[in-house]
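**Q** Sharing a structure, written as structure tokens. Questions coming.
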Amino acid sequence: MDIEVFVHGVPNGQRVRGKNNDPICFQNLYNSHSEEHRFLIEVRSVEGTPHCYYHYLHHNNIYACDGRPGSYVGISLRIDHYCTDVMAMYHVLDVMYHKYLIAKYGLLTIEGDKTKFAVADFAAKENELNEFEGVVEEMIRICFNRSDFAPIPTVAPNVTANTPKVNFQDCHRKYILGLLSQSGRVVISADYPSVRESRLIQECKDIQARMQVAREQEKAQQQKLLTEKNDEILALNDTVRRLTSEGDVQKQKIANLEKTLRETRNSKKMEDLLAVIRDPLVQLSFLAGAQKKSTTTPGVGKKPFPIVKTILAVNTLLLLLLFIVLWMRTGKTLAPAVVPIPTPAIEAAQPVSADSLSDTTELHTPMQSETEKR
């Protein structure tokens with residue numbers, strides 16, 4: 001089994017220590033350092049022979065020897081076989097990084113939360129790195145059996161550009177081997193969600209999508225209800241305006257009816273008042289006719305009282321009084337109604353009997369006495 005050990009990073013510009021007959025592989029590592037820590041497995045052909053690379057990489061918070069940020073450090077193994085126990089290989093390289101490169105050889109130093117290169121070139125630690133290569137190979141022989149290695153898997157010809165990202169919790173042998181056969185590369189990191197976490201994240205996304213749809217539907221329903229209510233309000237406003245207009249018309253009709261009723265009542269009162277006046281006038285007219293008859297009776301030597309003129313004067317005064325009363329009540333000039341006053345018919349002189357003369361004399365005696373007194 002052929003094993004090559006590489007130490008690489010950017011102490012002062014990129015440096016690669018090892019049999020670097022595949023420079024593109026390490027150039028890709030230098031250009032890609034988005035995660036803080038990752039373990040990359042890839043199948044590559046080196047001089048026509050397939051090999052499997054195991055890259056143990058630290059990015060972020062790695063500083064060059066002069067203090068510049070943005071550096072990285074890595075340990076890589078190139079083996080002509082595939083190690084099926086991926087997590088065991090990761091733990092071996094993790095121990096070699098912390099216990100040897102940092103703690104024993106001092107290639108890097110830790111300053112707080114920063115990891116800084118102690119040298120500008122790996123040549124300054126040549127002896128230590130030569131020993132480091134031997135320690136790595138010995139650790140692999142100790143930690144793995146022959147059964148832990150298998151032939152390099154055949155990579156599918158339609159390799160996708162996207163590298164599968166796996167959490168350490170999901171590093172099962174068959175699962176990693178299947179991904180490596182499909183894509184030729186697998187990157188493992190604690191920064192990636194596990195399958196369980198991915199499922200929960202997807203479920204949360206689905207729930208959020210359903211909630212968003214429900215919110216949109218509820219919003220649309222509320223908007224529909226609001227539109228309907230606005231339409232109802234507009235219709236009610238139109239109804240209120242129509243009823244108000246009709247009410248105004250009815251009020252005007254009621255006012256006209258009340259006015260007509262008042263005028264009718266005033267007319268009725270005037271008729272009643274005229275009737276009250278008319279009845280005495282009629283009686284006076286009959287009296288005047290009777291007195292005229294009595295004045296033509298022979299044997300009566302007294303001068304008759306001009307009762308007709310008196311009746312006309314009284315009639316005129318009463319009509320004037322009626323006009324003044326109605327004018328004061330209604331506030332406007334009212335034309336007095338014409339009261340028909342019956343005029344006694346002038347009959348031809350006929351003989352009058354003693355009985356009728358005595359009756360007539362008795363009826364008008366008070367009037368004649370008043371005339372005589374005057």
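**Q** Kindly indicate the residue of region 1-47 that is charged (D, E, K, R) and at pLDDT below 80 and also nearest to Pro69 (Cα to Cα) among those meeting that condition.
**A** Checking each candidate, the answer is Glu36.
**Q** If you don't mind, another one. Which condition from (1) buried (at least 18 other Cβ atoms within 10 Å of the Cβ); (2) touching a residue at least 60 places away in the same chain (Cβ under 8 Å); (3) part of a loop (DSSP other than H, G, I, E, B); (4) among the hydrophobic types (A, V, I, L, M, F, W, C) is the one that Val119 breaks?
**A** The single condition Val119 does not satisfy is (1).
**Q** List the number of the failed condition for Tyr63; all other conditions in (1) open to solvent by 70 Å² or more (accessible area, probe 1.4 Å); (2) farther than 24 Å from Thr84 by Cα; (3) at pLDDT 85 or above; (4) not β-branched (Val, Ile, Thr) hold.
**A** The single condition Tyr63 does not satisfy is (1).
**Q** If I filter region 164-184 down to residues being touching a helix residue (DSSP H, G or I) at 6+ places or on another chain (Cβ under 8 Å) and surrounded by 16 or more Cβ atoms within 10 Å (Cβ to Cβ), which single residue comes out as farthest from His91 (Cα to Cα)?
**A** By that ranking, first place goes to Pro164.
**Q** From the set of residues in region 1-47 that are under 25 Å from Thr115 (Cβ atoms) and basic (Lys, Arg), which is nearest to the chain's Cα centre (by Cα)?
**A** Here the answer is Arg38.
**Q** Going residue by residue through region 156-172, is there one that turns out to be at negative phi, among the hydroxyl-bearing types (Ser, Thr, Tyr) and assigned to a helix (DSSP H, G or I)?
**A** No, region 156-172 has no match at all.
**Q** So His91 clears everything in (1) assigned to a helix (DSSP H, G or I); (2) surrounded by 17 or more Cβ atoms within 10 Å (Cβ to Cβ) except one condition, right? Which one?
**A** Among (1) assigned to a helix (DSSP H, G or I); (2) surrounded by 17 or more Cβ atoms within 10 Å (Cβ to Cβ), the lone unmet condition for His91 is (2).
The values are calculated or read from the model by the stated rules, or taken from the named source; none is laboratory data. Because the structure is a prediction, the values reported are computed rather than measured. Quick reminder, even Gly has a Cβ in these numbers, built from the backbone with ideal geometry, and neighbours come from all protein chains shown. Calculation scope for accessible area: heavy atoms of the full protein, side chains included, ligands and nucleic acids excluded. Shrake-Rupley method; radii C 1.70, N 1.55, O 1.52, S 1.80 Å.
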